[in-house]
Amino acid sequence: MSEELTVVGRLTSVYGIKGWVKVFSYTDPMNGLFGYQPWQVKRGGELLTLKVEEWKPHGKGLIAKLAGMDSPEQARQFCGLDILVPLSVLPEPGEDEYYWHQLENLLVYTESGVLLGRVDHLMETGSNDVLVVRGTAESIDREERLIPYLPDQVIKEINLDEGLMRVDWDPEF
């Protein structure tokens, strides 16, 4: 049985002429993703392992030299792919901290018990993260809602064991 993987970043584009790639990190701090080695990517339905030989900050982002990639043509075949690592390599989150993958698929209820839908995914907007909640067959409607991920203000309860989240949110929004 293969271990469950989670996305920690993305290979975005080729950098330079020696096989380097630009890397977008979902970790905080952003260079944290280099602590989770080796990386895996899915390409054409196949899971491939990538080894980082070298990396460095570049502007507001990161660049990396991957083993076996010595030209832009070799590196280009991996651009646009998500960087995956086993969940087991991630540190345990602190109290009242969650990884995005833990929040995905939770049922979202208002404080008064109205089912709004299920967390489809999260978005980073700069000021705060946003839950994308999609209506289900059992929810109040089939609408998609964007709910700010603001613990204590909007997010009132997260119960991973029961698979639910309670929010202070008007169903009309």
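In the set 85, 21, 41, only one residue is buried (at least 17 other Cβ atoms within 10 Å of the Cβ) and in contact with a helix residue (DSSP H, G or I) (Cβ under 6 Å, 6 or more places away or on another chain); that residue is 21.
Residue 147 meets each of the listed conditions (1) under 24 Å from residue 9 (Cβ atoms); (2) buried (at least 17 other Cβ atoms within 10 Å of the Cβ); (3) β-branched (Val, Ile, Thr) apart from (1). Filtered by the rule that a residue be more than 16 Å from the chain's Cα centre (by Cα) and of a type in the set (A, V, I, L, M, F, W, C), the range 112-157 gives 114, 115, 116, 137, 140, 146, 147, 150, 154, 155. Yes or no: the range 73-85 includes at least one residue that is under 19 Å from residue 17 (Cβ atoms) and out of contact with any strand residue (DSSP E or B) (no Cβ under 8 Å at 6 or more places or on another chain). Scanning the range 73-85, I find at least one residue that is under 19 Å from residue 17 (Cβ atoms) and out of contact with any strand residue (DSSP E or B) (no Cβ under 8 Å at 6 or more places or on another chain), so the answer is yes. Listed by first and then second residue, the pairs with beta-carbon distance under 6 Å, at least 6 apart or on different chains, first residue in the range 141-170 and more than 18 Å from residue 99 (Cβ to Cβ), second acidic (Asp, Glu) and not in a loop (DSSP other than H, G, I, E, B), are 166/157. The set of residues from the range 1-41 being touching a residue at least 60 places away in the same chain (Cβ under 8 Å) and of a type in the set (A, V, I, L, M, F, W, C) comprises 5, 7, 8, 11, 14, 23. Among the conditions (1) more than 27 Å from residue 28 (Cα to Cα); (2) surrounded by 11 or more Cβ atoms within 10 Å (Cβ to Cβ); (3) not aromatic (Phe, Trp, Tyr), the only one that residue 172 does not satisfy is (2).
Quick note: the coordinates plus some simple rules give every number you see, no bench work behind them. Computed from a predicted structure; not experimentally measured. Backbone-built Cβ (ideal geometry, glycine too); neighbour counts: all protein chains shown.
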